Amino acid sequence: MTIQKNSIDNAIVDLSQQQLLDYWTNYFGVTEKLLKEVVAIVGNSTEQVEEYINKLITYYMHTYNI
């Protein structure tokens, strides 16, 4: 079964199916492990997940002078 992009609720990061997990890892540009950890920390709100990932990226870029 292929999940249609327009059938995805973009307000919620749903990791209940592998195809959704693939969609969200691609959307955020992160690994499955990181995405699952972030959702465990901040919940499944797309806005909160994106904000947290952006903070992580900023932190690592600043820390490692990337």
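Would you be able to say whether some residue in the range 42-62 is surrounded by fewer than 11 Cβ atoms within 10 Å (Cβ to Cβ) and assigned to a loop (DSSP other than H, G, I, E, B)?
Looking for residues that are surrounded by fewer than 11 Cβ atoms within 10 Å (Cβ to Cβ) and assigned to a loop (DSSP other than H, G, I, E, B), one finds none in the range 42-62, hence no.
Scan the range 13-29 residue by residue and report those that are exposed (fewer than 11 other Cβ atoms within 10 Å of the Cβ), under 9 Å from the mean Cα position of the chain (by Cα) and part of a helix (DSSP H, G or I).
If the condition is that a residue be exposed (fewer than 11 other Cβ atoms within 10 Å of the Cβ), under 9 Å from the mean Cα position of the chain (by Cα) and part of a helix (DSSP H, G or I), then Asn26 is the only one that fits.
Values in this text are rule-based calculations from the coordinates and carry no lab data. Every value quoted in this text rests on a predicted model; they were computed, and no experiment measured them. Heads up, the Cβs are rebuilt from the backbone with ideal geometry, glycines too, and the neighbour counts pull from every protein chain shown.
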